[in-house]
Amino acid sequence: MNPLKSITGTIVSGVVISAIVMIIFADGFTNTIEWIVWFHVLAGVAWIGLLYYFNFVQVPGVAQALAEANDGGPGPAAINKYLAPPALLWFRWAALATWVSGAAILGKMGILGAAFTLQSGAAVIGVGAWLGTIMLFNVWVLIWPNQKKILGLDGLTHEAEVIAKAKFVALMASRTNTALSIPMLLSMTAFGHGGFPF
């Protein structure tokens with residue numbers, strides 16, 4: 001049986017390989033915070049990867065499909081029906097998992113309060129934590145509720161003006177998150193690699 005034929009098997013394979021690497025290079029399983037950091041990075045890659053997919057691939061693809069629909073093109077129905085709902089599912093839960101695991105890391109390090117109050121020594125990671133918090137808010141309060149309207153996932157029929165407004169709000173929140181992801185990633189990596197010691 002090939003585990004790479006399913007997403008579950010692929011993920012389990014990656015976890016097993018990671019555990020083997022930890023056993024070899026860390027003389028056994030590593031401590032809890034390193035596992036949380038590892039999970040935080042995985043969840044963050046999923047979250048930001050999907051954010052970039054939406055902004056750099058799906059939104060332009062839907063726009064092009066709409067533009068070509070009148071000329072016999074396929075239109076955006078397949079993207080909106082088959083790709084967007086599962087991508088949004090992974091997107092919103094990856095966002096939550098990233099934020100929760102990030103807060104757990106800061107708590108385990110004993111700097112959760114210092115980070116969120118931007119105290120000396122934790123200010124750079126605090127900036128990243130605040131940007132991540134704003135981005136999480138945007139995902140759950142602005143992007144997801146409006147995408148449910150756009151895609152008809154809320155079970156209601158909406159007027160064209162409501163859909164147009166929902167598209168604008170979701171797009172602006174998503175673009176805001178894309179812009180904020182850049183300094184957020186800078187803050188996270190700077191802290192983790194000893195940069196900006198403030």
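When we screen Ala129, Ala115, Ala104 for residues that are in contact (Cβ under 8 Å) with a residue 12 or more places away in the chain, buried (at least 17 other Cβ atoms within 10 Å of the Cβ), farther than 23 Å from Gln58 by Cα and more than 18 Å from the chain's Cα centre (by Cα), the only hit is Ala115. Taken over region 161-198, residues that are farther than 23 Å from Gly44 by Cβ and either at pLDDT below 95 or not assigned by TED's automatic domain parsing to the domain that holds Tyr52 (or both) amount to 0. On the stretch given as region 143-191, residues that are under 25 Å from Thr117 (Cα atoms) and either in contact with a strand residue (DSSP E or B) (Cβ under 9 Å, 6 or more places away or on another chain) or surrounded by 14 or more Cβ atoms within 10 Å (Cβ to Cβ) (or both) total 13. Residue-level analysis places Ser120 among those that are small (Gly, Ala, Ser), in contact with a Phe, Trp or Tyr (Cβ under 9 Å, 6 or more places away or on another chain) and in a loop (DSSP other than H, G, I, E, B).
The values are calculated or read from the model by the stated rules, or taken from the named source; none is laboratory data. These numbers were taken from a predicted model, which means no experiment stands behind them. Don't worry about glycine lacking a Cβ; one is built from the backbone with ideal geometry, like all the others, and counts go over all protein chains shown.
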